[in-house]
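Presented below is the structure to which this report refers.
Laboratory data are not the source of any read-out in this text; all were calculated from the coordinates shown. Quick caveat, the model's predicted, so the values are computed rather than measured. Cβ placement follows ideal geometry from the backbone for every residue including glycine, while neighbour counts extend to all protein chains displayed.
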Amino acid sequence: VTGIAELPTAFAELLTPALLVDRGRLQRNIDTMAERYRSAGIALRPHIKTSKCWQVAERQLAAGAIGFTCSTSAEVRWLQDKGVTELIWAHQPVGPRKVEFVMAAAQRGGLIIALDSVEAAEPIARAAASMGVNVNYLLEVNTGQGRAGVEPHDVVDRAHAIGRLPGLHLRGVMTHEGHLGSFVSDREALERAGHAAGAVLAHTADQLRSHGFDVDVVSVGSTPGATSSPFAEGVTEARPGTYVYYDANQVGLSSATASDCALTVLARVVSTQRRGTAIIDAGIKAMSSDAIAVAGSLGLVCGATGSPLEGVRFSDGNEEHGFLTGPGVSGLTVGDMVRIIPNHACGTTNMFSSLWAVDVDQAFESWKIHARH
Ligand SMILES: Cc1ncc(COP(=O)(O)O)c(C=O)c1O
């Protein structure tokens, strides 16, 4: 799109499937989360992987985000090119090209990497020592998710072991409390587990301090845990990502309602030849099917205004065909438009090169999506 005259003025003009972001909901989500932490004195360092979009990032920074969390080197490079300095690369940087990348990114300033092993740390330490570079890192701690991360009782020993290597400087500890995604339909238990994860992490920071380490970053991060983990005493920052858009998983976890969801995939009904099924032009190449809290569905089906359609389920998909089923599909005909709230906003973003930012009056602006695989 080069000029304003080429912008579509209504959904009907859009090529489908198209990724839409509701600007009002986006801004509300950004402001609510920023205010939650500003008032509690907790730093906010959102995960960029959800949007990979500068117009979204700019709004997060304007609302008070101190910087961003990244999962890939492409995200780190893109944000450094944009002049953002406060970055955590929250992924173990293993392999020669990633070590090279860490050196280059650390020299640009402001980068903190995540480490959980001596094996991952050694090549970085060797490169850092030979180049005279100081690499800041957080020790990643497992507080229940069981992905990467040192077990809490091993934190002090691991910090000593990595501390014997040159060129690396421990800044603190981090965790991703991803296990909160398993607390479907029990929000109180989720909140308790979230708080416990923050408390466990803060305790590891205290242990490190009592062994002489200087710890200034105690970083938790997730959208389901956004109202609990950062509020454990001693946690200094929160890294939620999905909250900018929310998604069907987060609705399933009661982190948000459907009316908070800012990201939708616009699709058209293209065939109703099979009784009881409406086929749309968005399949698994337009939607992340990653369902942590909404098994059996590829997304929440809404009408053009963004409100859920009763009795319509996105039950299956081929690559470019989506299968809508349920009693409500009898009301759908070829050409009808639906908007799907994806199960997982972050995975869906990564499937598109750009999105349409939409206002209530259906004014459109094209925003680019960066740093995709
Ligand atoms: C290390 C890390 N931090 C923060 C987040 C953000 O969590 P959420 O997507 O629940 O907002 C993630 C998400 O996967 C993550 O892996």
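Some observations on this one:
- Dipole magnitude of segment 245-373, debye to nearest 20 (Cβ charges: Lys/Arg +1, Asp/Glu -1, about Cα centre): 280 debye
- Projecting label points 7 angstrom from Cα along Cα→Cβ for Ala189 and Val94 puts them 3.2 nm apart.
- Placing +1 on the Cβ of every Lys and Arg and -1 on the Cβ of every Asp and Glu, with nothing else charged, gives segment 72-217 a dipole about its Cα centre of roughly 480 debye.
- Residues of the chain were split at every exposed loop site, defined as trypsin sites (Lys or Arg not before Pro) in a DSSP loop with at most 15 other C-beta atoms within 10 angstrom, and the longest piece left, sites excluded, is 165-273.
- Note on the chain: with a GNM built from Cα contacts shorter than 10 Å, the maximum mean-square fluctuation among Asp260, Asp281, Asp361 falls on Asp361.
- Simple spin-label estimate for Asp154 and Arg38 in nanometres, 7 Å along Cα-Cβ: 4.1 nm
- Cβ-based charge dipole, segment 137-241, positive-most Cα from Ala161, Leu201, Val215: Ala161
- Looking at the chain alone, DSSP beta bridges between its own residues are antiparallel in about 50 percent of cases.
- Only Lys, Arg (+1) and Asp, Glu (-1) charged, at Cβ; the chain dipole about Cα centre in debye: 460 debye
- Cα-only Debye scattering, the chain: base-10 log of I(q)/I(0) at q = 0.10, 0.14 Å⁻¹: -0.65, -1.14
- Of the DSSP H helices in the chain, those whose Cα atoms cover at least 24 Å axially and whose Kyte score averages 1.0 or more: none
- Translational diffusion coefficient of segment 161-258 (Stokes-Einstein, Kirkwood radius from Cα pairs, 4 °C, 1.567 mPa s): 91 µm²/s.
- Mean ellipticity per residue at 222 nm, deg cm²/dmol - from DSSP H runs of n ≥ 4 across the chain, formula -39500 (n - 2.57): -8500 deg cm²/dmol
- Anisotropy class of segment 298-373 from Cα gyration tensor, a/c 1.5 cut: oblate
- Backbone N under 14 Å from the Ala10 label point (7 Å along Cα→Cβ), restricted to segment 294-331: 304-305
- In segment 91-233, Cα pairs under 8 Å separated by at least six residues give a relative contact order of 21 percent.
- Segment Ala104-Ser307, length gained on full extension (0.36 nm per residue, minus Cα span): 68.4 nm
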